[in-house]
Amino acid sequence: MRIDILTLFPKMFEDFSSTGIFQRAIENKLVELNVYNIRDYTHDKHHVVDDYPYGGGAGMVMKPEPIFEAVESILQPNDKDEKVSVILTTPRGRLFTQKIADELTQYDRLVIICGHYEGVDERIHRYLANDEISIGDYVLSGGEPAATVIVDAVTRLIPGVLGSEESAKDDSHSGGLLEYPQYTRPPVFRDWEVPEILLSGNHGEIARWRREQSLIRTAERRPELLDKVELSSKEIRLVNEKRKNLSEEE
Ligand code: ADE
């Protein structure tokens, strides 16, 4: 996958692309990451990228010309067979989820525009981006952290990026539930013991325990996720019991 990021702050991506799984993914040519400075696509002496909003109001708005020019030059020449998504990071976008991360792995190329200031000119929303993504119901001072979140979540789903395909499969959210508790050595740390079942070597029992823990955790912390997951009748009973206990505690 090729990922192109358009930003006013290219430095924010330096450490990101040179560490951890992302660096390995680049080295193994599973991902190509290019970062472009939107300012480089201006033609005036002061490299102006923003302007006052028509109609008045606080703050500045990102101008359309440099962003259109940057995207159009990055996509030229464009291989017509390539599947491309041009994404704008914005608090008014659709809320980013694991499902959307999965969906984005279908593309050959992602072009991510990092919004700034009070926002970007509406013509960028309408005529340049085909997708708008928010990473949460809060306002960041710029779209760069959102772009790194999206790129990270998508990259780790690309086959071969993680050491073992298994580790993405069991992640929180990948099966619609939060992940079960994980432990490593030592078996006893400051009197806190690893649950005995995990030391038993009984893989069937361990899988059952993990599923149950995932269900309990999800019922406690993100009950709305349970509505989208298929549960056995035994699991429904467990979840209902947990929900009942929680509402009694309130
Ligand atoms: N830019 C500012 N806030 C944002 C958010 N929550 N998600 C994506 N981009 C943003």
Residue in region 49-60 that is modelled with pLDDT of 95 or more and under 16 Å from residue 111 (Cα atoms) present: no
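Rundown of residues vs (1) among the charged types (D, E, K, R); (2) in contact with a strand residue (DSSP E or B) (Cβ under 7 Å, 6 or more places away or on another chain); (3) part of a loop (DSSP other than H, G, I, E, B), yes/no style:
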{"site": "54", "(1), (2), (3)": "no, no, yes"}
{"site": "73", "(1), (2), (3)": "no, no, no"}
{"site": "86", "(1), (2), (3)": "no, yes, no"}
{"site": "106", "(1), (2), (3)": "no, no, yes"}
Among residues of region 1-60, those that are under 21 Å from the mean Cα position of the chain (by Cα) and not polar (S, T, N, Q), counted: 28
Qualifying residue in region 100-117 (condition: within 15 Å of the ligand (Cβ to nearest atom) and open to solvent by 20 Å² or more (accessible area, probe 1.4 Å)): yes
Residue under evaluation residue 160, criteria (1) more than 15 Å from the ligand (Cβ to nearest atom); (2) on the phi < 0 side of the Ramachandran plot, criterion not met: (2)
Residue list for region 23-62, filter: closer than 26 Å to residue 84 by Cα and among the small types (Gly, Ala, Ser): 25
Extreme residue, surrounded by the most Cβ atoms within 10 Å (Cβ to Cβ), among residues of region 26-80 that are hydroxyl-bearing (Ser, Thr, Tyr) and closer than 19 Å to residue 10 by Cβ: 41
In region 122-147, the residues that are within 15 Å of the ligand (Cβ to nearest atom) and either in a loop (DSSP other than H, G, I, E, B) or more than 16 Å from the chain's Cα centre (by Cα) (or both): 124, 125, 129, 135, 136, 137, 138, 139, 140, 141, 143
Scope region 21-65; condition within 15 Å of residue 117 (Cα to Cα) and of a type outside the set (A, V, I, L, M); matching residues: 39, 50, 51, 52, 53, 54, 56, 57, 59, 63, 64
Breaking point among (1) more than 30 Å from residue 178 (Cβ to Cβ); (2) assigned to a helix (DSSP H, G or I), for residue 59: (2)
Exclusive hit being at pLDDT 95 or above, under 20 Å from residue 9 (Cβ atoms) and away from the ligand (no atom under 13 Å from the Cβ), set 154, 86: 86
From 190, 211, residue being out of contact with any Leu (no Cβ under 7 Å at 6 or more places or on another chain), under 25 Å from residue 247 (Cβ atoms) and at pLDDT 95 or above: 211
Residue check for residue 97: of a type in the set (Ser, Thr, Tyr), open to solvent by 50 Å² or more (accessible area, probe 1.4 Å) and out of contact with any strand residue (DSSP E or B) (no Cβ under 6 Å at 6 or more places or on another chain): yes
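The values are calculated or read from the model by the stated rules, or taken from the named source; none is laboratory data. Computed from a predicted structure; not experimentally measured. Note that we place each Cβ from the backbone using ideal geometry, even for glycine, and neighbour counts take in every protein chain shown. Areas reflect the complete protein model, heavy atoms only, side chains present, ligands, DNA and RNA absent. Shrake-Rupley method; radii C 1.70, N 1.55, O 1.52, S 1.80 Å.
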